[in-house]
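Worksheet: one structure, shown below.
Only the coordinates and a few stated rules stand behind these numbers; no lab work does. Quantities reported herein were computed from a predicted structural model and do not represent experimental measurements. A quick note on method: Cβ atoms are made from the backbone with ideal geometry, for glycine too, and the neighbour counts reach across all protein chains shown.
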Amino acid sequence: MFDRSVTVFRSLRRTVAQRFFLAVALADFFGRRAFAREIVAVYAGMRKHHSARRSGREVYYVRRHIHMLEKGISMIPRRETFAAGYIEDLVAAVEACTAADLLDTVTCAWVADTLDAYFAATEESPSPEIRRARETYKQLNVGPRSRNYAGPVPVLDAERAGSERLPTYDELLSLAHARQSVRWFDSKTVDRSLVDRAITLGMQAPSACNRLPYRFVVVDDRDTVRRIAEIPGGTAGYAQNLVGLVVVVGDLSAYAHTRDRHLIYVDSALASMGFLMAMQAQGVSTCCINWPDSADADARIAQILGLQRYERTVMLIAYGHVLPNTVVPGSGKRDLDSIRQYVGNVEGDPR
């Protein structure tokens, strides 16, 4: 199946390239250079993705399809045969990525645990594809299994949740209210372990097919912080005061199709919110800094950080210990009714 996919891809490559250059030319002609840059980044990402896929060493392909297996395992009712159309390709990709040492230890445990669960669930399947994949998998050494099982797990229902202390709604709301956009920090450097803990929490956010197509580039060198902080608009007057920055970078090579080009923004924003809350919980203040879609800004930060053409800066996050007696904007939100909309009538609801 993969060979057929490669043949189709190669036959379409010339057409895709022609359409790509036409789209860029039209975008540039109509004065939409920002669109042209996005097109370049999206197609650079797709090219990188397909190149890695042809070599069999595409980590995002592995992550996506392992997650697809998880969904199949958790299906109600579970089918005797599922994923037969891609399981051989997936096992081959796992083998190639493992041989090239491309999978981190957490991913290795997740992959191994999920494949173990999949082949156990399809033990009675008559599918020849699954049987062949199982035999290949038996010969692989993906890595150590997770001590706590990293594959599909039962839902944390109320009964199980009762055995461990979970935050209440009021506690979460209190934390959300405590988080403020702080722009003035003292000179004390933030311990990197606090940043790592916050990123770890942020990674627990949902991600489309569990790809996690982003990086958190942490900058705590004061000179580099100032150089980067001066790039976006809106930092005039306080950029020189910043002591630490996180540059949230999206990776468009995670996707094979243009339809997925916005997922880097969704997934990285979800992770960033968890990061912000975790920093606040540890006594570290933060401020999100909007990143402009500007050719000059993109070029400058790409040069400083060595970003690839398929990588896009999503936002900056300033962080540090708040300067005593600092005043911050109140940033009043909106009324619930102005944001929330229910669709359909619920019996007994007076609204």
Using a basic spin-label model with each label point 7 Å from the Cα along Cα→Cβ, how many nm lie between Arg300 and Thr200?
3.6
re segment 169-320: pairs of Cα atoms spaced beyond 18 Å account for a percent value of 57
Figure the gain on full extension for Asp223 and Ser187 (residue separation times 0.36 nm, minus the Cα-Cα span) and round it to one decimal in nm.
11.6 nm
What spacing in nm lies between the two simple spin-label points modelled at Ile339 and Gln180, each 7 Å away from Cα in the Cβ direction?
1.9
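Which order do peptides 69-82, 118-131 fall in by mean Cβ count within 10 Å, highest first?
Values: 69-82: 13.8, 118-131: 15.8.
Most protected by this proxy first, the peptides run 118-131, 69-82.
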Of the candidates Met273, Leu201, Ser294, the farthest towards the positive dipole end of segment 169-320 (Lys/Arg Cβ +1, Asp/Glu Cβ -1, centred on the Cα centre) is Ser294
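Between Arg79 and Asn141, what FRET efficiency follows from the Cβ-Cβ distance if R0 is 41 Å, with the result rounded to 0.05? Each step should come with its number before you reach the end.
Values: r = 29 Å, r/R0 = 0.71.
So the FRET efficiency works out to roughly 0.90.
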Spatially proximal lysines relative to Lys71 (Cα-Cα < 28 Å; intrachain offsets below 8 disregarded):
Lys48, Lys138
Enumerate the residues in segment 318-344 having an amide nitrogen under 15 Å from the point lying 7 Å beyond the Cα of Leu173 toward its Cβ.
333-337
Modelled label-to-label distance, Val346 and Arg165, 7 Å Cα→beta-carbon offset: nm?
3.1
Which loop chymotrypsin sites (Phe, Trp or Tyr not before Pro) in segment 231-267, with loop taken from DSSP, have no more than 16 other Cβ atoms within 10 angstrom of their Cβ?
Tyr238
